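Participant: Below: one structure in structure tokens.
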Amino acid sequence: MLTWEELEGECLRCTHCGLCRTRHNVVFGVGPRDADVMFVGEGPGEQEDLRGEPFVGPAGKLLDDMLCIIDLGRHNCYIANIVKCRPPRNRDPQEPEQEACIGYLRNQVALVKPKIIVCLGRIAAMKLIQPDYRITRDHGTWTERNGVSLTAIYHPSALLRDPSKRPETFEDLLSLRERIRKVNAKV
Ligand code: URA
């Protein structure tokens, strides 16, 4: 396991997959490095790539609003992605790209030691919870692994495309708030 400094250094110089050729910035992750709650998206979009920060585009604005509903925010959550470089035209990150990058996220998780991990959308849920995860069926359900509570909610981009999913996500956020209370996570 690398230290934060080593990990960030390696990640910023990474050439493990082809996404390094089209990126403007590596989007490493943000938030308190001892957060008890961690959010994981799929990969940077255009704004994130330009700024080097996760969830700063339209989906990020909605994510901030979602967090605010249950008194969370960037000050008390760590936010990262499965892949750290933008897939061209925002396509899904391919399996080899995810595999090339997942070690960075695993190292981040080992350093942060969150009590709760919330996957944002299908891609993160399939990678972190189970390969046959189906977001429409399984969102909001909880899994326990190595003392960490894991769940997935709809990706904010999906909620922007289809607002009819928002009431279910509201329920999932309430469930997250309850889990935070239950595991005594600091927020
Ligand atoms: N979508 C993601 O999955 N991650 C980001 O950082 C931005 C948009």
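Participant: Pairs K115/K182; K61/K182; K84/K186: which exceed 18 Å Cα-Cα?
Facilitator: K61/K182; K84/K186
Participant: Separate question: Which of the aspartates and glutamates could be linked to K113 by a straight reach, that is with a Cα gap under 12 Å, when you skip same-chain ones fewer than 8 residues away?
Facilitator: Partners found: D34, D36.
Participant: Just grab the label-to-label distance for K113 and E99, each label 7 Å out from Cα along the Cβ direction, in nm (one decimal).
Facilitator: 3.2 nm
Participant: Check each of the trypsin sites (Lys or Arg not before Pro) in the stretch 87-138 and keep only those in coil by DSSP with at most 15 other C-beta atoms within 10 angstrom; list them in order.
Facilitator: In loop regions of the stretch 87-138 (DSSP not H, G, I, E or B), the sparsely surrounded trypsin sites (Lys or Arg not before Pro) are R91, R134.
Participant: Can you order the peptides 12-22, 66-76 by their average number of other Cβ atoms within 10 Å per residue, highest first?
Facilitator: 66-76, 12-22
Participant: Okay, next question. Under 10 Å, Cα contacts only: if you run a Gaussian network model on the chain, which one of E97, E171, E42 comes out with the highest mean-square fluctuation?
Facilitator: E171
Participant: Please give the contour-minus-distance gain from E171 to E10: 0.36 nm per residue of separation, less the Cα-Cα distance, rounded to one decimal in nm.
Facilitator: Contour length minus the Cα-Cα distance gives 54.1 nm.
Participant: Take the alpha-carbon centre of the stretch 105-132, take the same for the stretch 143-176, and report the distance between them in whole Å.
Facilitator: Cα centres, the stretch 105-132 to the stretch 143-176: 13 Å.
Participant: Return one number: the angle in degrees, 0 to 90 and rounded to the nearest 10, between the long axis of the Cα atoms of helix 58-69 and the longest principal axis of the Cα atoms of the chain.
Facilitator: 40 degrees
Computed from the coordinates by the stated procedures, all read-outs in this text should not be read as laboratory data. Everything numeric here is computed off the predicted structure, so don't read it as measured data. With ideal geometry, Cβ positions are generated from the backbone for all residues, glycine too; neighbour counts draw on all protein chains shown.
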